[in-house]
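Chemist: Here's a structure for you.
Just so it is clear, none of the values below were taken in a lab; they were calculated from the coordinates. This is a predicted model, so every value here is computed, not measured. As a convention, Cβ positions derive from the backbone with ideal geometry for all residues, glycine included, and neighbour counts pool all protein chains shown.
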Amino acid sequence: MKLNGWKRIGIIASVVWILGAGVHTYDSEIDSASAFITSTHVACDSNLAGKTGDAYTTSFNECNKQADDSLAIALNSARLEAALVAFVPVPLGWGFTYLVLFLVRWVKRGFMRPL
């Protein structure tokens, strides 16, 4: 199968989109989740001020467990979001491009003079 120049450009653009959009989305989702988890952990830690001994240790461990659980959920969510943003637009873009090309050629055939 021979690929013309436009298809080669489309393949390169698709790969660049997948890598760039995926990495950017993953990084931004992780940054947002990290900021939220940090603020939640700080709020949880502020509740430890009046506690001592075993009560402090138990509450501190609960805060760490909540942060770890939130981080695990955020990682899964970030991966899913990055995959959706990276991969879904590519087939939609190719489909839209081929639809436009088909329509342009169809209209162009309508203006051709019959032999």
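Chemist: Suppose each label sits 7 Å from its Cα in the direction of the beta carbon; what would the His24-Lys7 distance come out to in nanometres?
Modeler: Label at His24, label at Lys7, 2.8 nm between them.
Chemist: Next up: Starting at the first residue of segment 68-79, write each ³J(HN,Hα) from the Karplus equation 6.51 cos²θ - 1.76 cosθ + 1.60 with θ = phi - 60°, in whole Hz, x for Gly and Pro.
Modeler: These are the phi-based 3J(HN,Hα) values: 5, 5, 5, 5, 4, 5, 5, 5, 5, 5, 5, 5 Hz.
Chemist: Can I ask one more? Out of (1) 1.00; (2) 0.96; (3) 1.39, which label holds the value of Rg/Rh (Cα atoms, Kirkwood Rh) that was computed here?
Modeler: Label (3) holds the value from this structure.
Chemist: Next question, about the same structure. Explain nothing, just compute: Karplus ³J(HN,Hα) = 6.51 cos²θ - 1.76 cosθ + 1.60, θ = phi - 60°, for every residue of segment 43-49 in order, whole Hz, x for Gly and Pro.
Modeler: Per-residue couplings from phi come out as 5, 5, 5, 5, 6, 8, 4 Hz.
Chemist: Mind giving me the FRET efficiency for Trp94 and Ser32? R0 is 22 Å, r the Cβ-Cβ distance, nearest 0.05 is fine.
Modeler: The calculated FRET efficiency here is 0.15.
Chemist: Let's see if you can work this out: charge +1 on each Lys and Arg Cβ, -1 on each Asp and Glu Cβ, no other charges. What is the dipole magnitude of segment 5-86 about its Cα centre, in debye to the nearest 20?
Modeler: So the dipole magnitude of segment 5-86 works out to roughly 480 debye.
Chemist: So what J values fall out for segment 17-24 if you push phi through Karplus, 6.51 cos²θ - 1.76 cosθ + 1.60 with θ = phi - 60°, rounded to Hz, Gly and Pro as x?
Modeler: Result, ordered by residue: 4, 4, 5, x, 5, x, 5, 4 Hz.
Chemist: Answer with one residue from His41, Ile18, Phe96: the one whose Cα lies farthest towards the positive end of the charge dipole of the chain, charges on Cβ with Lys, Arg +1 and Asp, Glu -1.
Modeler: So the residue we want is Phe96.
Chemist: 222 nm [θ] for the chain, helices only, -39500 (n - 2.57) per DSSP H run of 4+, per residue, to 500?
Modeler: The helix-only estimate for the chain comes to -31500 deg cm²/dmol at 222 nm.
Chemist: Something else: Between Val42 and Thr58, what is 0.36 nm times their sequence separation minus the Cα-Cα distance? Round to one decimal in nm.
Modeler: Once the chain is fully extended between Val42 and Thr58, it gains 4.2 nm.
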